[in-house]
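Shown next, in structure tokens, is the structure this report addresses.
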Amino acid sequence: MSKIHSRTDLTNNNLHNFVNNVESFHSTVFQKHKKIVKPTNLIYSNRKTSRDFNENKEIKEEDFEYILNNLYNSYPSAGGFYDVYSYLFINNVESYPSGIYHYNFSDEKPKCIYAGDIKAFVETANIQHEIINKSSFFILFCADTRRYIKKYGERGYRFLMLETGHISQNVINLSSSLNIGNFSCGGYLDNRYKDVLELNDYEIITHQLALGINII
Ligand SMILES: Cc1cc2nc3c(=O)[nH]c(=O)nc-3n(C[C@H](O)[C@H](O)[C@H](O)COP(=O)(O)O)c2cc1C
């Protein structure tokens, strides 16, 4: 009797049972998932990249805070470090004056670190600054690499990218459910941001995500 897998008891004789078990597991999981397929699909079908924001329309305070309160919700973090944090660049959000805010995993509210117009700076840091400057706000995700690299070596860098992806998808789903448009944008100059935010050598920028009201 030949073994199919050297590290299990799977053989030609019990293969049939094994396949049946896998199929029945899949159908059970599928049945369970059916319950959530509908609402999730609605969010997904709404989403596409926005490149035409209405600069005159603000995001409501309530919607902004809903996104922030859930941004760091329910995502996995390699090593449980949770060292991806956000800088919020605000143009047009109700009750939040223009400027740059810091917002971390454990923060209740964003903290203003610069008050004032950000558009002139954004022009120097982004290729597609016309789009970004019409958004209501954008999030610059940054990460402190130290604990990740210490524990995982170069793989820690990959993990930070994955973690940022998890958080970004949260933001995209939350904003899409509110009919707020999203623009993932990788065309920025890291050093411009690093200088203005005074990031240290261990801190990296992991993503940039702009949100705003679409011109319909
Ligand atoms: C990490 C990342 C970086 C991106 N950078 C840019 C960018 O610099 N400029 C741009 O116009 N779109 C950018 N996009 C958006 C993609 O072009 C877009 O998602 C793709 O064309 C698919 O279109 P859809 O989002 O409408 O489905 C980026 C998307 C991701 C995930």
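The values are calculated or read from the model by the stated rules, or taken from the named source; none is laboratory data. Values in this document were obtained by computation on a predicted structure and should not be read as measured data. Cβ sites come from the backbone with ideal geometry, for glycine too, and all protein chains shown count toward neighbours.
At pLDDT below 95 and either under 24 Å from I139 (Cα atoms) or in the same structural domain as M161 (by TED's automatic domain parsing) (or both): is that true of T8 in this structure?
No: the conditions fail for T8.
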Report yes if some residue within the range 189-200 is in contact (Cβ under 8 Å) with a residue 40 or more places away in the chain, part of a strand (DSSP E or B) and surrounded by 17 or more Cβ atoms within 10 Å (Cβ to Cβ); otherwise report no.
no
Quick check on the range 70-92. Is at least one of its residues in a helix (DSSP H, G or I) and within 17 Å of S175 (Cβ to Cβ)?
yes
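Give the number of residues within the range 125-151 that are away from the ligand (no atom under 14 Å from the Cβ) and either part of a strand (DSSP E or B) or in contact with a helix residue (DSSP H, G or I) (Cβ under 6 Å, 6 or more places away or on another chain) (or both).
Residues that pass the stated criteria total 8.
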Yes/no for E108 being outside any loop (DSSP other than H, G, I, E, B) and among the acidic types (D, E):
no
Just one of (1) more than 17 Å from I59 (Cα to Cα); (2) assigned to a loop (DSSP other than H, G, I, E, B) trips up N179, so point out which.
(1)
Candidates L174, L178, filtered to the one that is away from the ligand (no atom under 15 Å from the Cβ), surrounded by 21 or more Cβ atoms within 10 Å (Cβ to Cβ) and at pLDDT below 95
L174
Checking Y66 against (1) free of Cβ contacts under 8 Å to residues at least 24 places away in the same chain; (2) aromatic (F, W, Y); (3) more than 26 Å from D190 (Cα to Cα): exactly one of these is not met. Which one?
(1)
Counting only residues that are within 16 Å of the ligand (Cβ to nearest atom) and among the hydrophobic types (A, V, I, L, M, F, W, C), the range 181-201 contains a total of 3
